[in-house]
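Scroll down for the structure; my scribbles are underneath it.
The values are calculated or read from the model by the stated rules, or taken from the named source; none is laboratory data. These numbers were taken from a predicted model, which means no experiment stands behind them. Positions of Cβ are backbone-derived with ideal geometry, glycine not excepted, and every protein chain shown enters the neighbour counts.
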Amino acid sequence: MFVVIASICFGLLSGVASSPPDYALEFPNKGVTDYVQIWGMRNLTQCTVCFWVKTTGAKWTAFSYASKAAENDLLLDHQYNVFLTIGNAEINTGVPITDGKFHQICATWRNSDGQWMLYKDGNLVKSGTGLKTGYTIQAAGSLTLGQEQDSIGDAFDAKQSLQGMLTNVNAWSYTLPASTIKELSRCCLAGKGDVYEWSNFIYGIRGNPHLVMPPGCPCSL
């Protein structure tokens, strides 16, 4: 049975000494008031972003990083398929996530040759090269979960918001090997990102996302 703690906001959580080790965030409705936001990022010339998502929506946003260089400096969203955007240059991966089941998504990118890879449930499903070769994702921006930013920290669009569940969002400053991503696809494992780890995000909750414990991910896919 899930334990759902509703209406938890940043003000209630700011005094918490440590975050729950195993939780998900449920975004109950489309809109612009429910999201998670934290600030700061190092410059990145390569990266990996992983998360688990459960939704039936055709259009939604999981991970939106905006900087002074680009409002979509690092974006993972869904417009009938998963899109990966680096420095405002987007890739339609052709991979849909709309079946209402938990799925692990991981994306990697490096600027040396613009190579990008998209993994679903631990399996490489799409890849390519030439995405923003030589580009650097800029530091000191705003990272938002559940909404897409059209300017740093705001300018949300309800149609692009997430209605569903999100858990184990992590970001690394390097490209994780396929073997590690495969291992993280088992039992809703998260790892710990060296740029952001899932425990960081609980302190940035805004609006009315519900805290769900345990997250309810499948133990085998």
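In this structure, does THR175 turn out to be among the β-branched types (Val, Ile, Thr), touching a Lys or Arg at 6+ places or on another chain (Cβ under 9 Å) and assigned to a loop (DSSP other than H, G, I, E, B)?
Numbers: among the β-branched types (Val, Ile, Thr): yes; touching a Lys or Arg at 6+ places or on another chain (Cβ under 9 Å): yes; assigned to a loop (DSSP other than H, G, I, E, B): yes.
It is true that THR175 is among the β-branched types (Val, Ile, Thr), touching a Lys or Arg at 6+ places or on another chain (Cβ under 9 Å) and assigned to a loop (DSSP other than H, G, I, E, B).
For segment 146-163, a tally of residues being out of contact with any Pro (no Cβ under 9 Å at 6 or more places or on another chain) and crowded, with 22+ Cβ neighbours inside 10 Å returns 6.
Taken together, the residues in segment 72-96 that are more than 15 Å from THR136 (Cα to Cα), in contact with a Ser or Thr (Cβ under 8 Å, 6 or more places away or on another chain) and in a strand (DSSP E or B) amount to 7.
Being within 11 Å of SER67 (Cα to Cα) and more than 15 Å from the chain's Cα centre (by Cα) is the filter here, so list the residues in segment 142-178 that pass it. Break it down stepwise before answering.
Of all residues in segment 142-178, those within 11 Å of SER67 (Cα to Cα) come to 142-143, 149-153.
ASP150, SER151, ILE152, GLY153, listed by residue number.
Scoring TYR203 on the criteria (1) modelled with pLDDT under 95; (2) buried (at least 18 other Cβ atoms within 10 Å of the Cβ); (3) aromatic (Phe, Trp, Tyr) leaves a single failure, condition (2).
Taking the condition modelled with pLDDT under 95, under 15 Å from the mean Cα position of the chain (by Cα) and among the aliphatic types (A, V, I, L, M), does ALA190 pass? Considered against the rule, which asks whether it is modelled with pLDDT under 95, under 15 Å from the mean Cα position of the chain (by Cα) and among the aliphatic types (A, V, I, L, M), ALA190 comes out as yes. Selection of first residues in segment 56-84 that are surrounded by fewer than 20 Cβ atoms within 10 Å (Cβ to Cβ) and of second residues that are aromatic (Phe, Trp, Tyr), restricted to Cβ pairs under 9 Å at least 6 apart or on distinct chains, gives the following pairs, ordered by first then second residue: ALA58/TYR80; LYS59/TYR80; ALA69/TYR135; GLN79/TRP60. Restricted to segment 39-86, and to residues there that are closer than 21 Å to ASN111 by Cβ and among the small types (Gly, Ala, Ser), the residue that is nearest to the chain's Cα centre (by Cα) is SER64. Of the residues making up segment 87-116, those that are more than 14 Å from the chain's Cα centre (by Cα) and of a type in the set (Val, Ile, Thr) are ILE91, THR93, VAL95, THR98.
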